[in-house]
1. Of the numbered conditions (1) acidic (D, E); (2) assigned to a helix (DSSP H, G or I); (3) modelled with pLDDT under 90, D64 fails exactly one; give the number of that condition.
2. Give the residue that is nearest to the chain's Cα centre (by Cα), with candidates limited to residues of the stretch 27-42 that are at pLDDT 90 or above and either loosely packed, with under 10 Cβ neighbours inside 10 Å or more than 19 Å from P80 (Cβ to Cβ) (or both).
3. L57 versus (1) buried (at least 17 other Cβ atoms within 10 Å of the Cβ); (2) modelled with pLDDT under 90: which is the lone unmet condition?
4. Collect the residues in the stretch 104-128 that are surrounded by 10 or more Cβ atoms within 10 Å (Cβ to Cβ) and either outside any loop (DSSP other than H, G, I, E, B) or at pLDDT 80 or above (or both), keeping them in residue-number order.
5. Identify all residues within the stretch 84-96 that are surrounded by fewer than 17 Cβ atoms within 10 Å (Cβ to Cβ) and in contact (Cβ under 8 Å) with a residue 60 or more places away in the chain; write none if there are none.
6. Among the residues of the stretch 70-100, how many are among the charged types (D, E, K, R), at pLDDT 95 or above and under 13 Å from the mean Cα position of the chain (by Cα)?
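The values are calculated or read from the model by the stated rules, or taken from the named source; none is laboratory data. Here the structure is a predicted model, which is why all the values come from computation and not from measurement. With ideal geometry, Cβ positions are generated from the backbone for all residues, glycine too; neighbour counts draw on all protein chains shown.
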Amino acid sequence: MAKNHTPDPVSSPDGLKLLVTVVNRVKSEYYADLIQSHGANLQCFVSAKGTDKSQVLDIIGLVDDRKSAIFSIIRADKAPELLEVLSQRFKSIKNGNGIAFTIPMSSVIGVQVYRFLADKRDTEKGLL
């Protein structure tokens, strides 16, 4: 009797993570470029509004609570270094405060999609 054999799914040497970065809207392009320089090939911006307000600053018009949430796909092995770089930039850039965290991704449909998201397009000629 033949045994049903399901082939193992293609395993990836590098897992992927969703990086969520929330920053002041005026700094969003800067942070998106920084994240892209660490291998993120897919990023999505979403407008957001901060919740922390000081009534005094609000009265004199100095509060800018417009934020951007940047959703990026990065390789898991690059996440610790990128989070550290972001943390340093949050502290050192004027009005560059923000938060960043990652969420692990369990799967992606398609080898070519994975290669694109993992920034591994150069591994085979003719792909993407």
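1. So the condition that D64 fails would be (2).
2. A32
3. So the condition that L57 fails would be (1).
4. Quick first cut of the stretch 104-128, residues surrounded by 10 or more Cβ atoms within 10 Å (Cβ to Cβ) only: 104-105, 108, 110-121, 124, 127-128.
P104, M105, V111, Q112, V113, Y114, R115, F116, L117, R121 - these are the residues of the stretch 104-128 that are surrounded by 10 or more Cβ atoms within 10 Å (Cβ to Cβ) and either outside any loop (DSSP other than H, G, I, E, B) or at pLDDT 80 or above (or both).
5. I93, N95, G96
6. Within the stretch 70-100, residues that are among the charged types (D, E, K, R), at pLDDT 95 or above and under 13 Å from the mean Cα position of the chain (by Cα) number 1.
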